[in-house]
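Novice: My questions all concern the structure below.
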Amino acid sequence: MTLSPIPQEAGPAGPAAPREADGGSGAAVFDVRHLPITDPAAAPMLRALGEQYDSLYGALAADEMTRFPVHEFDPPDGAFVLLFERGEAVAGGAFRRYDATTAEFKRIWTHEDHRRRGLARKVLEELERTAAERGYTRVYLTTGPRQPEAKGLYLATGYTALFDTDAPPFAPWPFEKALSRAAA
């Protein structure tokens, strides 16, 4: 499934209109919104993500959700995206400037009741498209050793592991991917 082209940012009139994720067959309709990470619609997602990190990593993840100032996820250097289905935020993600040519993807999440539906892949596609439009040529991201499904997603979507996948370290697992203007 592919998403129709998605407008860059919500305008003064509100969020982008819903688009059919299946090209018109009537299955699932998603509303992809670019919002500030401080938008109230983001709070449940960020809370759930923080709880997930805490359950997986305990004290090791204590500062992950507050490590970066929220303004780093604002345009033009950053972005925050939520994917809505029937008015409910079901998936999301963000990026911030890592360096002059690299976007660092963070906060990629899917609601536990909506996993295994390809929504994280849709979020990645939207983040990659937006990052390429903003002039980034590379993505950098990390995931943790207790998130093998994330490792699988990144490998399946063209990311290169910057660690030995047969004997990964306990520390965060870094990945990278080159972006092309065609992604924009």
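Since every read-out is calculated from the coordinates, none of them should be taken as a lab result. Bear in mind the structure is a predicted one, so any value in this text is a computation, not a measurement. Ideal geometry is used to build each Cβ from the backbone, glycine not excepted, and the neighbour counts take in all protein chains shown.
Novice: Rounded to whole Hz and in sequence order, give me ³J(HN,Hα) for the range 48-59 from the Karplus expression 6.51 cos²θ - 1.76 cosθ + 1.60, θ = phi - 60°, writing x for Gly and Pro.
Specialist: Coupling constants for the range 48-59: 4, 5, x, 5, 5, 4, 4, 5, 7, 10, x, 4 Hz.
Novice: Can you list the trypsin sites (Lys or Arg not before Pro) in the range 37-89 that are in a DSSP coil and have 11 or fewer other beta carbons within 10 angstrom? Let's see the in-between values first.
Specialist: Values: sites: R47, R67, R86; in loops: R67, R86.
Answer by residue number: R67, R86.
Novice: Another question about this same structure. Count charges around P169 for me, please; just the other residues with Cβ under 15 Å from its Cβ, Lys/Arg as +1, Asp/Glu as -1. Don't jump to the answer; show the numbers that get you there.
Specialist: On the way: positive: R146, K151; negative: D164, D166.
Computed value for this residue: 0.
Novice: Show me, for the range 97-107, the HN-Hα J-couplings you get by feeding each phi into the Karplus relation (A = 6.51, B = -1.76, C = 1.60, θ = phi - 60°), rounded to Hz, glycine and proline as x.
Specialist: 6, 9, 8, 4, 10, 10, 9, 9, 7, 9, 6
Novice: OK, next. Calculate the dipole size of the range 40-184 relative to its Cα centre from +1 charges on Lys and Arg beta carbons and -1 charges on Asp and Glu beta carbons; express the result in debye to the nearest 20. List each step's numbers first, then the result.
Specialist: Working: 19 positive and 21 negative charges, 66 e Å.
Once rounded to the nearest 20, the dipole reads 320 debye.
Novice: Whole angstrom only: what separates the Cα centroid of the range 30-96 from the Cα centroid of the range 98-114?
Specialist: Centre-to-centre distance over Cα atoms comes out at 8 Å.
Novice: When the Karplus curve 6.51 cos²θ - 1.76 cosθ + 1.60 is applied with θ = phi - 60°, which whole-Hz ³J(HN,Hα) does each residue of the range 124-137 get, with x for Gly and Pro?
Specialist: 3J(HN,Hα) across the range 124-137, in whole Hz: 4, 4, 5, 5, 4, 4, 5, 4, 5, 4, 8, x, 6, 10.
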